[in-house]
1. With respect to Y179, is the statement that it is of a type in the set (S, T, Y), touching a strand residue (DSSP E or B) at 6+ places or on another chain (Cβ under 6 Å) and either closer than 22 Å to I7 by Cα or modelled with pLDDT under 95 (or both) true?
2. Return the residue satisfying two criteria in turn: it lies in region 212-238 and is of a type in the set (V, I, T) and modelled with pLDDT of 80 or more, and of such residues it is surrounded by the most Cβ atoms within 10 Å (Cβ to Cβ).
3. Taking region 118-159 as the search range and keeping residues that are out of contact with any helix residue (DSSP H, G or I) (no Cβ under 7 Å at 6 or more places or on another chain), in a helix (DSSP H, G or I) and among the small types (G, A, S), which one is surrounded by the most Cβ atoms within 10 Å (Cβ to Cβ)?
4. A79: touching a helix residue (DSSP H, G or I) at 6+ places or on another chain (Cβ under 9 Å), within 24 Å of V199 (Cα to Cα), surrounded by 19 or more Cβ atoms within 10 Å (Cβ to Cβ) and touching a residue at least 12 places away in the same chain (Cβ under 8 Å), yes or no?
5. Being charged (D, E, K, R) and either surrounded by 21 or more Cβ atoms within 10 Å (Cβ to Cβ) or more than 18 Å from C160 (Cα to Cα) (or both) is the filter here; which residues of region 23-74 pass it?
6. I'm trying to understand the selection: among the residues of region 82-106, which are crowded, with 17+ Cβ neighbours inside 10 Å and over 12 Å from the mean Cα position of the chain (by Cα)?
7. Checking the condition closer than 26 Å to V176 by Cα and touching a strand residue (DSSP E or B) at 6+ places or on another chain (Cβ under 7 Å), which residue from A51, A74 passes?
8. Considering G157, G148, G178, which residue is small (G, A, S) and over 14 Å from the mean Cα position of the chain (by Cα)?
Amino acid sequence: MKVFVVIPTYNERDNIRPLCEQILALGGEWQIVVVDDNSPNGTAAEVQALAEETGRVHLLARPGKLGFASAIKAGFRYALGREPDYVVEMDADFSHDPQYLPQMLARAEGAEVVIGSRYIPGGGTRRWGLLRRWLSRGANQFARWMLGLQVHDCTAGFRCYRSEALRQLDWEAIAVEGYSFLIEMTYRCQQKGYRLAEVPIVFVDRQRGKSKISRRIIVEAFFLVLRLAWERLWRRFA
């Protein structure tokens, strides 16, 4: 079973080596694709060293900070070109613990998409302030209600896709660039009729570096949900 793990990075030099080592230690045919947006702190050089040492880490070095969604798309293209069975996406800062990967892969035997979820029994968050907890839960509840989503954590960036499901989904057409991409991917997968499953995870806020969540990302997600809700309503009554 061949699994490619796509990890977008920007200034993650301190995290990327231990993260990759933990993933590769799971055994099997795990491969890692790191998409680095020209990190000034030498992240790409660290990844290149790992690639040479392991033969199972791949570096996609990009010329600048091009955004989260485009990094995920680049990683998907690279992974799918190498005929994997599954493609995983996750963050580089250890907020997504590699220990959950075997559980997600096992759950994927009965689903096209598996989401590492903070908002089902057994899931949760650590080291978050009250405001961030409120924003995250509120965003998920708003998106679920407006779009009729079945999953509880539609903004989660820890996911496992069956490769054939990704090939059949037009994710290249998703135009948003921030973490709104995750909401629209959830919506498009559900509209496609895919089986979506959730595995409980505890999301631990990063210990090194800075969060990449911004006000612009929050606003983009809000207007995306409104646009998709209008699209859904239009289809229902057209």
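1. Spelling it out, it is not the case that Y179 is of a type in the set (S, T, Y), touching a strand residue (DSSP E or B) at 6+ places or on another chain (Cβ under 6 Å) and either closer than 22 Å to I7 by Cα or modelled with pLDDT under 95 (or both).
2. So the residue we want is V225.
3. Here the residue is S136.
4. Against the criterion (touching a helix residue (DSSP H, G or I) at 6+ places or on another chain (Cβ under 9 Å), within 24 Å of V199 (Cα to Cα), surrounded by 19 or more Cβ atoms within 10 Å (Cβ to Cβ) and touching a residue at least 12 places away in the same chain (Cβ under 8 Å)), A79 qualifies.
5. D36, D37, E46, E52, E53, R56, R62, K65
6. P84, Y86, D93, F94, P98, Y100, L101, M104, L105
7. Matching residue, one of A51, A74: A74.
8. So the residue among G157, G148, G178 that is small (G, A, S) and over 14 Å from the mean Cα position of the chain (by Cα) is G148.
The values are calculated or read from the model by the stated rules, or taken from the named source; none is laboratory data. This structure is a prediction, so every number in the text was calculated from the model and none was measured. Note: ideal-geometry Cβ built from the backbone for every residue, glycine included; neighbour counts use all protein chains shown.
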